[in-house]
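The values are calculated or read from the model by the stated rules, or taken from the named source; none is laboratory data. Just so it is clear, the model here is predicted, and its values are computed rather than measured. Please note: Cβ atoms are built from the backbone with ideal geometry, for glycine as well, and neighbour counts cover all protein chains shown. Each accessible area value is taken on the protein alone, full model and side chains, heavy atoms only, with ligands, DNA and RNA left out. Shrake-Rupley method; radii C 1.70, N 1.55, O 1.52, S 1.80 Å.
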Amino acid sequence: QVQLVESGGGLVQPGGSLRLSCAASRSIFSINDMGWYRQAPGKQRDLVASITSGGSTNYADSVKGRFTISRDNAKNTVYLQMNSLKPEDAAVYYCNADVQMYSWSGTRNYWGQGTQVTVSS
């Protein structure tokens, strides 16, 4: 088993920035696709951004030009740089990853525990 450990959430004023991180809790063989999702109260969980093992990225229209997803494969870590934050960006942000534990195993999808992002003056 592996856990995805998120960090970096918090309270920020509109227009501010935050950087989220998500790392695997133990040594693993590889991680394929990684992504960030968010869920606001009373709403469904939606994709914010994703990145493949090769570095191809995809963003929700609402965050294009403001958020940047990146990864460090050596550290099995994914990041989400969030700039020009708006009140509507407030949500619990969840990390998601397709993890291959060993060279001989298949992949399994994991979720992080979530980190709260609050955007308010």
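Summary of computed values
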item: Eligible lysines near residue 64 by straight Cα distance, threshold 23 Å, same-chain separation 8 or greater; result: 43, 86
item: Convex hull per residue volume in Å³, alpha carbons only, for the stretch 80-120; result: 72 Å³
item: Karplus-derived 3J(HN,Hα), 6.51/-1.76/1.60, for each residue of the stretch 35-50, Hz, glycine and proline x; result: x, 10, 10, 9, 9, 8, x, x, 10, 7, 7, 10, 5, 9, 7, 9
item: Values of log10 I(q)/I(0), in the order q = 0.09, 0.12, 0.17, 0.20 Å⁻¹, for the chain under a Debye, Cα-only, solvent-free model; result: -0.23, -0.41, -0.78, -1.05
item: Net charge dipole size for the stretch 54-109 [Lys, Arg +1 and Asp, Glu -1 on Cβ; Debye, nearest 20]; result: 100 debye
item: Solvent exposure of the chain as accessible area per residue, Å², 1.4 Å probe; result: 52 Å²
item: Inter-probe distance in nm under a simple model that places probes 7 Å from Cα toward Cβ, at residue 30 and residue 62; result: 3.4 nm
item: Unit charges on C-beta of K, R, D, E only; dipole of the chain, Debye; result: 100 debye
item: Spacing of the two label points (7 Å from each Cα toward its C-beta) at residue 46 and residue 13, in nm; result: 2.7 nm
item: Inter-site label distance for residue 73 and residue 86 at 7 Å from Cα along Cβ, in nm; result: 3.4 nm
